[in-house]
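Report on the structure given below.
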Amino acid sequence: MLKTTIAQGPAGHVVLVDSITKVTPDDAGATVTHTSARIGEAMDAWAHGVISHTNAAAAHLGLKVGEPLRSRLEALINP
């Protein structure tokens, strides 16, 4: 299982996991569209991913469908 912290900032950290099934309801979870990143390549999703779906916790943090994943999450952890 891939579970790697790839970015940290004063307001939190970003962890990539290899399966959305490992996200709990309390976690802010988002997926990226298959046209923006290679399926099964977490680092490609980080580098190029565009958000295609968010759960309620992620939406509460302000993540929106269509946004670039990396820049949005970096803005959250480095306010």
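Filtering segment 34-52 down to residues that are of a type in the set (V, I, T) and within 13 Å of the chain's Cα centre (by Cα), which residue is surrounded by the most Cβ atoms within 10 Å (Cβ to Cβ)?
I51
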Legend entry - Subset of segment 10-33 (residues that are surrounded by 12 or more Cβ atoms within 10 Å (Cβ to Cβ) and farther than 18 Å from A57 by Cβ): D18, T33
Inset, instruction - Give me a count of the residues in segment 53-66 that are surrounded by fewer than 18 Cβ atoms within 10 Å (Cβ to Cβ) and either farther than 16 Å from V17 by Cβ or of a type in the set (V, I, T) (or both). - result: 8
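Each value in this text was obtained by applying a stated rule to the coordinates, not by laboratory testing. Remember, predicted model here, so these are calculated numbers, not experimental data. Note that each Cβ is placed from the backbone with ideal geometry, even for glycine, and that neighbours are counted across all protein chains shown.
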